[in-house]
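Right, one structure below, let's go through it.
The values are calculated or read from the model by the stated rules, or taken from the named source; none is laboratory data. These numbers were taken from a predicted model, which means no experiment stands behind them. Note that we place each Cβ from the backbone using ideal geometry, even for glycine, and neighbour counts take in every protein chain shown.
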Amino acid sequence: MRVTKRQLRRIIREVFQSHTREPSPGDKIVNVNPTCTHFQSRGVVDHIEELPEDQGKVVVYMTTNSGNNWDAGDILEKTMDQLEFEV
């Protein structure tokens, strides 16, 4: 069975959004939220932080690319629904 990149991204997005598989330190990720100022930032996960009162988790990552609103080496924090594993 052949899986296209688009299908794979959709599957990965569903995994993150359902939190069945969370990223771990060292994983490569990309911001896929087109309304975010850091859209298309790529990076390596440093750690995961718990939000207060069971509101969820955020991924803290160091960027490996630059964009209009960030530079390579910046540390960003995003909720998991904004991220996918880098393919």
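Residues of the range 53-87 being assigned to a strand (DSSP E or B), within 17 Å of SER24 (Cα to Cα) and without any contact (Cβ under 8 Å) to a residue 60 or more places away in the chain, which ones? Hits for the range 53-87 are LYS57, VAL58, VAL59, VAL60, TYR61, MET62, THR63, ILE75, LEU76, GLU77, LYS78, THR79.
Consider the range 53-87 and keep the residues that are surrounded by fewer than 18 Cβ atoms within 10 Å (Cβ to Cβ), among the β-branched types (Val, Ile, Thr) and under 18 Å from GLU22 (Cβ atoms). The one that is farthest from the chain's Cα centre (by Cα) is VAL87.
Considering only residues that are assigned to a strand (DSSP E or B) and either modelled with pLDDT under 90 or loosely packed, with under 14 Cβ neighbours inside 10 Å (or both), look in the range 1-52 and name the one that is farthest from the chain's Cα centre (by Cα). Even if it seems obvious, please write down each step before you answer.
Going residue by residue through the range 1-52, those that are assigned to a strand (DSSP E or B) are 28-31, 42-50.
From what's left, either modelled with pLDDT under 90 or loosely packed, with under 14 Cβ neighbours inside 10 Å (or both): 47, 49-50.
Details: HIS47: 12, GLU49: 13, GLU50: 15 Å.
Going through the qualifying residues, I end up with GLU50.
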